[in-house]
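One structure is given here, and the rest of the page talks about it.
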Amino acid sequence: MDRRSVIRNLGVTTRLVVFLVLPSLLPNASQSQTETPVKRPVDYANGLVGTAPLDSQILIGNAPPPGEKLYSGFTSPGARLPHGSVDVAPINANLDLSYSAGVRASYFYPNRVMYGFSGGTSNSLTLMPVVGNWTVPPERSGSVYDKAREHSSPGYYSVYLDDFKTKVELTASTWTGLYRITFPRTNQAHLLLDLGRAGGTVEIVGDNTVRGEVRHDTTGRGPARPAGRYFVARFSRPFRSFGTFSQIPPAQEAAGPSLGNKDVEPDLRSVSGRYAGAYLQFDATEGEQVLVKIASGLSYQMAEKRLAAEAPDWDFDRVKSQAEAAWAANLNRIEVTGGTEKEKMLFYSCLFHSFASPRLLARKGEQFTASDGQVKTAEYDRYGPVPFWDTGRNQVALLTLLEPGVKLDILRSQLDMARESGYMGTSFHGDHAVLMYLGDWERGLDFDWAAVYEYLRKNATDPNGPRHYLAEYMDRGWISDTIPDGNPSPPYAGGKAGVATTLEYSWDDYALALFARKLGKEVDYQMFLKRAGNYRNVFDSSIGFMRGKTADGQWISPFDPREPYYNFMMKEASGWSTLWLVPHDIQGLINLLGGRQAFTAKLDEFFSTPYSAKGICRDCTGVLGQYVQGNQPDQQVAYYYDWAGQPWKTQQLTRRILETMYGSDKNGLAFPGMDDQGSTASWYVMSAMGFYPVDPSSPAYILGSPIFSQVKIHLENGKTFAIVAHNNSEKNLYIQSATLNGKLWNKPWFTHSDLADGGSLVLNMGPLPNKKWGSAPDSPPPSMTLPTHTVPIHQ
């Protein structure tokens, strides 16, 4: 057993500097007193990464509008497990004010006042310790907290509340959140449980339990929650006194919110309504701790059962150690060598966030509420919806690479949701489930592909289904937009996003065509293959951009490709960003733009033209020229040079984006935009390893430039695939030559089959581009339109 294994087995935490090991395991026992402990992947992960905004205006562009916070990260630094439904997290943003301002995050790193801590799966439930007097609403009883004493690591969060001289620690199991609160000496130690906007019922039971039912948030402002609505909160010590509060007494609730009506009732054991809650009072000696454990479920009985199974005692450190071990198992799947300490921290922090989605709804054998509203017993581990517009572009492929067993349950969950609702689920925009399913088929997963095709096809052919404007798309081959009254300056929030929607559907249709061909459905293959070229119908060759049309087929004018039209023609993007939204047929786009030379010139212009939009796009941050790293539509474009014979430019650009867009703020924690449940984080993880799935429906991985000298991907089948970059450094970022599994390799891409049984990709790096490597006519990655000498990899 090696020293690292011993440390792991002993459960030594990541913050210890001095630790005990068996002397016989050390080569020289006298050196053990001074050597630095070996850091594990889990030790590098910092949950605060992604919670801070960029602070360079050059990178931010012209966002945000005056008075608004920058759309950045929206990640949680709280305690949870991989794909966990329980997220016990700090809340330092007033949610009502945040939602009204368009910001949906409950935590924003620069905020210095803590308002509470989330109640696990019942996201409307918050817990807040208060020392001294407090008022309703509980948000007014927040505390300034010490940023220097704030800590977030996988499965654990802690913070010190300065105003109350109180330390709060959080950890979690699968269905239970555990809180450890260390009070100062006081006879006015309070814990407030608040149901917030959603409201519901709170009941105080005995002298150490609070339970309740949390309503679903029907305002449309709250975050989506799993089905569990009942919660049970148990306390390690009896409370001395108790009572309830309500900002809106039940008798007046029908009249709507009226924050002037506040009701505090000492000794009352139950209350119902919106903004209702309970308060509990304790006496505390200096350093005395109160522990709280909260579980949710479809009933009080289910919540009680989960508490008994996962937190039968009050051993906070045991639960914390188990959470850390669960994360270590996932993070250990990738082992990196080289790079800086900051790069390792960012890498494993991003990998940590990449496991955020989708959320677990029920373990096999547990009850859950299905998407048709019926209570069912899970026949396998059931997961919630995949956010396809976000993570469907990259993270779904990363999950298949790292945890294919979990991915099979995710595939089955999505299929069963389709059976329950009648249609395959979509996400926000486009219809990208087919990208995940085809990609996993191409990567070798074993699934009932014929069964899922029924719903993928239905989505693409039924005008009453979830594809917006499908009848128009099938009839014309493109989707029009209506010019708004007065043709206001962009961004125009209304519209059909006709250009972007046409492009996204074309991408989906190509994947459907290949899916149909693999099933032997030739008629469907030809139908969808024809539709896959519909992106050409919104390309205006006179200006070299994708451009919106009115219903009569006229180009919309005026049109400025630098402006973020948001929902008018484009979707949260400008004409520059949307031009490249053809990941399935980059060679076809090369042809539209006039060939390789014209294409690369257009790419050069894209990355160098200063961002000077007049309209403000809240999602368009992390800018490099006209490129936007902080939103999904063009995140793949840095890799397009690999199709055009100039892969060295992809190598330089991906390194630049990794360095400048992530952790480049004064705190070293920023993301270029919203993480969107692991999407922005997954971009970093895969690009830092040196490759990216430009089209996740394809088994091809497109090469960039790895930042580490060695990356070992430990596959679920027990094999290891290594990416070795000899002579790699900040300056030596260009690939000079390569071998793949021992053979000379001169292509800027490889496929999943090349790594599935283990092996290695060896890259020799240098300070200057080798313009001969990866640039031959037969070296581009696959595309719907094939250049000369290119062989398709889809069979």
- Flagged pairs (Cβ under 8 angstrom, 6 or more apart or on separate chains; first in region 592-619, farther than 18 Å from Ala63 by Cβ; second exposed (fewer than 14 other Cβ atoms within 10 Å of the Cβ)) are Leu592/Ser541
- When you look at Gly615, is it outside any helix (DSSP H, G or I) and either out of contact with any Asp or Glu (no Cβ under 8 Å at 6 or more places or on another chain) or of a type in the set (S, T, N, Q) (or both), yes or no? no
- Task: Determine, yes or no, whether Arg197 is closer than 20 Å to Gly142 by Cβ, charged (D, E, K, R) and at pLDDT below 80.
- Result: yes
- Query: Could we say that Pro780 is of a type outside the set (Gly, Ala, Ser) and surrounded by 18 or more Cβ atoms within 10 Å (Cβ to Cβ) here?
  - Reply: yes
- Item | Residue check, Pro748 touching an Asp or Glu at 6+ places or on another chain (Cβ under 9 Å), open to solvent by less than 20 Å² (accessible area, probe 1.4 Å) and under 24 Å from Tyr641 (Cα atoms) | yes
- Task: Hey, can you tell me all the residues within region 290-337 that are open to solvent by 20 Å² or more (accessible area, probe 1.4 Å), hydrophobic (A, V, I, L, M, F, W, C), closer than 21 Å to Arg363 by Cα and in contact with a strand residue (DSSP E or B) (Cβ under 6 Å, 6 or more places away or on another chain)?
- Result: Leu298
- Message: Residue pairs, Cβ under 6 Å, 6 or more apart or interchain, first in region 501-514 and in a helix (DSSP H, G or I), second polar (S, T, N, Q) and buried (at least 24 other Cβ atoms within 10 Å of the Cβ). List them.
- Response: Ala511/Ser697
- Query: How many residues are part of a strand (DSSP E or B) and touching a helix residue (DSSP H, G or I) at 6+ places or on another chain (Cβ under 8 Å) if we restrict to region 180-215?
  - Reply: 4
- From Ala738, Ala688, Ala756, which residue is under 33 Å from the mean Cα position of the chain (by Cα) and free of Cβ contacts under 8 Å to residues at least 60 places away in the same chain? Ala738
- Message: Just checking, does region 436-452 include any residue being farther than 25 Å from Asn717 by Cβ, of a type in the set (A, V, I, L, M), buried (at least 20 other Cβ atoms within 10 Å of the Cβ) and within 28 Å of the chain's Cα centre (by Cα)?
- Response: no
- Message: Ile543 - would you say it is more than 27 Å from Leu624 (Cβ to Cβ), among the hydrophobic types (A, V, I, L, M, F, W, C) and open to solvent by 40 Å² or more (accessible area, probe 1.4 Å)?
- Response: no
- Is it the case that some residue within region 410-427 is on the phi < 0 side of the Ramachandran plot, touching a residue at least 40 places away in the same chain (Cβ under 8 Å), of a type in the set (D, E, K, R) and open to solvent by 40 Å² or more (accessible area, probe 1.4 Å)? no
- Message: Please go through region 518-552 and give me each residue that is in contact (Cβ under 8 Å) with a residue 12 or more places away in the chain, part of a loop (DSSP other than H, G, I, E, B) and farther than 22 Å from Asp508 by Cβ, ordered by number.
- Response: Ser541, Ile543, Gly544, Thr550, Ala551
- Query: Out of region 274-289, which residues are in contact with an Asp or Glu (Cβ under 8 Å, 6 or more places away or on another chain) and either surrounded by fewer than 20 Cβ atoms within 10 Å (Cβ to Cβ) or not in a strand (DSSP E or B) (or both)?
  - Reply: Arg274, Tyr275
- Message: Tell me yes or no: at least one residue of region 538-559 is more than 20 Å from His468 (Cβ to Cβ), of a type in the set (Lys, Arg) and modelled with pLDDT of 95 or more.
- Response: no
- Item | Number of the condition not met by Lys772 [criteria: (1) of a type outside the set (Ser, Thr, Tyr); (2) touching a residue at least 60 places away in the same chain (Cβ under 8 Å); (3) open to solvent by 20 Å² or more (accessible area, probe 1.4 Å)] | (2)
- Message: Take the conditions among the β-branched types (Val, Ile, Thr), modelled with pLDDT of 95 or more and in contact with a Lys or Arg (Cβ under 7 Å, 6 or more places away or on another chain) and apply them to Thr720. Does it pass?
- Response: yes
- Message: Scan region 728-743 and tell me whether some residue there is of a type in the set (A, V, I, L, M, F, W, C) and under 30 Å from Val406 (Cβ atoms).
- Response: yes
- Item | Looking only at region 390-409, and only at residues there that are of a type in the set (Asp, Glu) and modelled with pLDDT of 95 or more, the one that is most open to solvent (accessible area, probe 1.4 Å) | Asp409
- Take the residues in region 706-725 that are in contact with a strand residue (DSSP E or B) (Cβ under 7 Å, 6 or more places away or on another chain) and either among the small types (Gly, Ala, Ser) or surrounded by 24 or more Cβ atoms within 10 Å (Cβ to Cβ) (or both), then tell me which one is nearest to Ala738 (Cα to Cα). Ala725
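One line per residue, one yes/no per condition, for (1) among the small types (Gly, Ala, Ser); (2) part of a loop (DSSP other than H, G, I, E, B):
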{"site": "Ala722", "(1), (2)": "yes, no"}
{"site": "Asn728", "(1), (2)": "no, yes"}
{"site": "Met765", "(1), (2)": "no, no"}
{"site": "Ser779", "(1), (2)": "yes, yes"}
{"site": "Thr785", "(1), (2)": "no, yes"}
- Output yes when any residue across region 202-217 is closer than 27 Å to Gly50 by Cα and either in contact (Cβ under 8 Å) with a residue 24 or more places away in the chain or open to solvent by less than 10 Å² (accessible area, probe 1.4 Å) (or both), and no when none is. yes
- May I ask you to verify whether Asp475 is open to solvent by 40 Å² or more (accessible area, probe 1.4 Å) and either at pLDDT below 95 or assigned to a helix (DSSP H, G or I) (or both)? yes
- Specify the residue that is farthest from Phe245 (Cα to Cα); the eligible residues are those in region 95-126 that are at pLDDT below 90, among the hydrophobic types (A, V, I, L, M, F, W, C) and open to solvent by 20 Å² or more (accessible area, probe 1.4 Å). Ala101
- Query: Does region 565-584 include one or more residues that are under 22 Å from Tyr469 (Cα atoms), in contact with a His (Cβ under 7 Å, 6 or more places away or on another chain), in contact (Cβ under 8 Å) with a residue 24 or more places away in the chain and open to solvent by 10 Å² or more (accessible area, probe 1.4 Å)?
  - Reply: yes
- Query: Across region 57-86, which residue is nearest to Gln677 (Cα to Cα) among those that are modelled with pLDDT of 95 or more and in a loop (DSSP other than H, G, I, E, B)?
  - Reply: His83
- Message: I'm trying to understand the selection: among the residues of region 664-689, which are in contact with a strand residue (DSSP E or B) (Cβ under 7 Å, 6 or more places away or on another chain), part of a loop (DSSP other than H, G, I, E, B) and surrounded by 24 or more Cβ atoms within 10 Å (Cβ to Cβ)?
- Response: Leu669, Phe671, Asp675
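The values are calculated or read from the model by the stated rules, or taken from the named source; none is laboratory data. Since this is a predicted model, take the numbers as computed values, not measurements. With ideal geometry, Cβ positions are generated from the backbone for all residues, glycine too; neighbour counts draw on all protein chains shown. Note: areas computed on protein heavy atoms with side chains; ligands, DNA, RNA excluded. Shrake-Rupley method; radii C 1.70, N 1.55, O 1.52, S 1.80 Å.
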